[in-house]
Structure formats: structure tokens, C-alpha cells
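Only one structure is covered here, and it is reproduced in the block below.
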Amino acid sequence: MGVVNVTPDSFSDGGLWFDERVAIRHGLELVGEGADIVDVGGESTRPGAARVPLDEELARVVPVIRTLSAEGVTVSVDTMRAEVAKAAVEAGASLVNDVSGGLADPDMPRVVAATGVDYVVMHWRGHSHDMERRAVYTDVVTEVREELAKRVDLVLAEGVSEKQIVLDPGLGFAKNSEHNWALLAGMGELAELGYPLLIGASRKRFLGRLLADADGTPRPFSHSDDATVAVTALAAHAGAWCVRVHEVRPNADAVRVAAAWKRPGANT
Ligand code: PMM
């Protein structure tokens, strides 16, 4: 899954694809580089980010989704709002990527159920402006697993079907670096919930912190793409269904390497 953030302020690519035509061109480039899905978002979720008004979010994402879908691209909409999800599906999106897992907008599960498209339910504890103070766990893997299981029960009760659901541990969302690494290592336990897993590690701060200079200065996100590729290879090998990344070509290569590693002979 390649990312197109149609925002002026996303963490690593804010402003780069803010213009509609540039966003569309970028989405098509990502497909050319090997993306199976293009994830279009109009609201930044970086730590501390403020919410974008509904009309603004719609105006950012719907035209981009409509054009990319018309070009035959499989599009996902990255939104926490049911109205945006509905408009995006009407414009051609075939996956709703809700980082709040249905918590931010109580109408979301019902709307997704009515559309029948796939639904990424991410682990989330609150909006970006105060999510860092919610990063408190005794056993992060067990707690994320339990909280995701509760979200699954709720969205199923709202009419979403099991086959629509994809789960995501929500790296960096109310999680510190230690939590993120534990969740990656604990992917197997999350997979026991029985749903495909999506992993979004690309360019996140925990990679920059891992790669910090000797004086502790974190590596800027623009130089953490190689680490993202390493996470992709390991996550794909551990069975991830999808990785959400900004730099598609090397990550698509890593996915292919992991597939060949798991099934030697099948890919040569
Ligand atoms: N991370 C971001 C945005 N959307 N969606 C899912 N499913 N999983 C994620 O981890 C995720 C997401 C934040 O990343 P960006 O602002 O750097 O694109």
C-alpha cells in the first residue's frame, strides 16, 4: 500500500502531494512502482495534529480518489469520518482505512457495513492532540490484542462482516518506540485474532530513534527509508497482509523477497 497524503502537514510528506493533480500523478507513480493499493488521506494524524473540517477533507480526497479509481487503481481512503468514507466509496474506493477503528465516528462501522468494502480497523486510543499521554501499557501486546478484539466485536455487531476486516496495531498511535517494537515482535499473537494484518511503520519516529547518532540525535525520517524496508521484509515474512509505505519500490521488492524466502522454488 503506497501512501498519498493530500495534506499540507503530514509528518514525512506533508505538502508534497497537496495539489490535486500532483497527488493523482503520485498515486499513479506508486502503482508503477509496485503498489497494489493507494491509500489517499486528507487529514494528518501526526502527533499533535489538529482536526481538519469535514468539507476540507472531502475536497482534498474525493477528486483524487475518483480519478485514480477511474484509472483502474485500487484505492483506499484514510479517514476517521463516516461521511468521507461514504463519499470515497461512491468515488470508487474499495477499502476504508480508519485509524480510529470506528471510535472517532460512531457511524463509521454502519456505513462501512452498508458499502461492503474492506475495512482496516486500527488500534487507537484517542486523537492526535493528546495520544502520547495515552501510551501507557503493562503488557502492550496483550492489551492491544484485547482492545482490537473489542473493536472487532463492536464492528461486527454494527453489521460489518468478518471478511471485510483487516487489523492494524497502529504503530506510533498512543505507543512509544518500545511499544512499537514489542508489537512488531508480537505480530503472531495479533494474527491469532484471525484477521489479516496491516503494518504501518514507514518513516515513523521510532525508526529515527533507533538510528540515532552517537549524541542521541534521531535520524531524520528522510533517512529512515532503509529501516522501513527492513521492517517490511520482516513483517511480510511474519505474515503481514499489507504494509503501508511512502517509498514503494524498495518495499515492494522486500515483499517479493519475503515471499520467495517463504516459498522457495515458487518464485524463481
Ligand atoms: N499511519 C499513519 C496514517 N495512516 N493507517 C494505518 N492503517 N496504519 C498506520 O500505521 C497509519 C495509517 C500515519 O502516517 P503518515 O502520516 O506518515 O502517513
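Here, each number is a calculation from the coordinates, and none is a lab measurement. Given the structure is predicted, the values throughout are model-derived calculations rather than measurements. A quick note on method: Cβ atoms are made from the backbone with ideal geometry, for glycine too, and the neighbour counts reach across all protein chains shown.
Some points to look at:
- Looking only at residues of region 109-140 that are free of Cβ contacts under 8 Å to residues at least 40 places away in the same chain and under 16 Å from Asp78 (Cα atoms), we find that the one that is surrounded by the most Cβ atoms within 10 Å (Cβ to Cβ) is Val111.
- Of all residues making up region 84-108, the number that are assigned to a helix (DSSP H, G or I) and either crowded, with 24+ Cβ neighbours inside 10 Å or within 19 Å of the chain's Cα centre (by Cα) (or both): 6
- Just so you know, in region 43-61 the residues that are within 13 Å of the ligand (Cβ to nearest atom) and of a type in the set (D, E, K, R) include one that is nearest to Asn251 (Cα to Cα), and it is Arg46.
- Exactly one residue out of Ala174, Ala266, Ala212 is over 22 Å from Leu30 (Cα atoms), assigned to a loop (DSSP other than H, G, I, E, B), more than 14 Å from the chain's Cα centre (by Cα) and within 15 Å of the ligand (Cβ to nearest atom), and it is Ala174.
- Residue among Val40, Val64, Val111 that is more than 16 Å from the ligand (Cβ to nearest atom) and either under 27 Å from Thr228 (Cα atoms) or touching a strand residue (DSSP E or B) at 6+ places or on another chain (Cβ under 9 Å) (or both): Val111
- Annotation for region 40-50: at least one member residue is in a strand (DSSP E or B), within 21 Å of Ile199 (Cα to Cα) and free of Cβ contacts under 8 Å to residues at least 60 places away in the same chain.
- Selected residue (only one of Arg205, Arg244, Arg209 is touching a helix residue (DSSP H, G or I) at 6+ places or on another chain (Cβ under 7 Å), within 21 Å of Pro47 (Cα to Cα) and of a type in the set (Lys, Arg)): Arg209
- Scanning region 230-243 for residues that are surrounded by fewer than 22 Cβ atoms within 10 Å (Cβ to Cβ) and touching a residue at least 60 places away in the same chain (Cβ under 8 Å) gives a single hit, Trp241.
- Given (1) surrounded by fewer than 23 Cβ atoms within 10 Å (Cβ to Cβ); (2) under 18 Å from the mean Cα position of the chain (by Cα); (3) under 21 Å from Val31 (Cα atoms), number of the condition Asp226 does not satisfy: (2)
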